[in-house]
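Presented below is the structure to which this report refers.
The values are calculated or read from the model by the stated rules, or taken from the named source; none is laboratory data. Computed from a prediction, not measured in an experiment: that's the story for all the values here. Positions of Cβ are backbone-derived with ideal geometry, glycine not excepted, and every protein chain shown enters the neighbour counts.
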Amino acid sequence: MKLKQLSVFLENKPGRLRELCALLAENGVNIITLSLADTEQFGILRLIVKDYDKAKALLEEKGFVAKLSDVIAVEVKDEPGGLSEILKIEEASGISVEYMYAFTIKSGENAVLLFCFDEMDKAVTALQSAGLNVLESVELYQRAEG
């Protein structure tokens, strides 16, 4: 139910993000979705790629600081209140959102959001118990390619 996310620390300087993207592209690693947050001195780029081990190794060889972590992809009704419903389930389970971002594809009429919760396994159980579809990584990769 969980999928691997690659987080990369980037210096805030011109060309650094392009350098990372070019490196992945030159080595056949496709970025499925991403999120970039910044501070004054550095940014955190979060990526979903199918070949995450290969991507991590490539980036580290070129001096990037990269780590793998788990996120959960959840189908959310693409209508007002859809996100609020997810958050209500997690709040009732005593789970906190650490961060989230949207996936670049839809699932039928639903949006797909990626979440990092403080208790990932508990989050999956709570979401599934509420009847929500927590997507498998294979399913996401197929939809992105497709």
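Here the condition is being under 16 Å from the mean Cα position of the chain (by Cα), outside the structural domain of Glu26 (by TED's automatic domain parsing) and at pLDDT 90 or above; of Met100, Met120, it holds for Met100 alone. The listed residues are Glu61, Glu75, and the only one of them that is among the acidic types (Asp, Glu) and either closer than 27 Å to Asn27 by Cβ or at pLDDT 90 or above (or both) turns out to be Glu61.
Are any residues in the stretch 60-77 of a type in the set (A, V, I, L, M, F, W, C) and not in a loop (DSSP other than H, G, I, E, B), and if so, which ones?
In the first step, residues of the stretch 60-77 are kept if they are of a type in the set (A, V, I, L, M, F, W, C); the result is 64-66, 68, 71-74, 76.
Hits for the stretch 60-77 are Val65, Ala66, Leu68, Val71, Ile72, Ala73, Val74, Val76.
Yes or no: Pro80 assigned to a loop (DSSP other than H, G, I, E, B), more than 21 Å from Leu114 (Cβ to Cβ) and more than 13 Å from the chain's Cα centre (by Cα)? No: the conditions fail for Pro80. Candidates Ala73, Ala37, Ala55: the one that is closer than 30 Å to Ser129 by Cβ and of a type in the set (A, V, I, L, M) is Ala73. Under the condition of being surrounded by 13 or more Cβ atoms within 10 Å (Cβ to Cβ), at pLDDT 90 or above and either over 15 Å from Val76 (Cβ atoms) or of a type in the set (Lys, Arg) (or both), the residues counted in the stretch 125-143 number 1.
Taking into account only those residues within the stretch 1-47 that are small (Gly, Ala, Ser) and in contact with a helix residue (DSSP H, G or I) (Cβ under 9 Å, 6 or more places away or on another chain), which is surrounded by the most Cβ atoms within 10 Å (Cβ to Cβ)?
Restricting attention to the stretch 1-47, the residues satisfying the condition of being small (Gly, Ala, Ser) are 7, 15, 22, 25, 28, 35, 37, 43.
Remaining after also requiring in contact with a helix residue (DSSP H, G or I) (Cβ under 9 Å, 6 or more places away or on another chain): 28, 43.
Working: Gly28: 8, Gly43: 15.
If we take residues in the stretch 1-47 being small (Gly, Ala, Ser) and in contact with a helix residue (DSSP H, G or I) (Cβ under 9 Å, 6 or more places away or on another chain), then Gly43 is surrounded by the most Cβ atoms within 10 Å (Cβ to Cβ).
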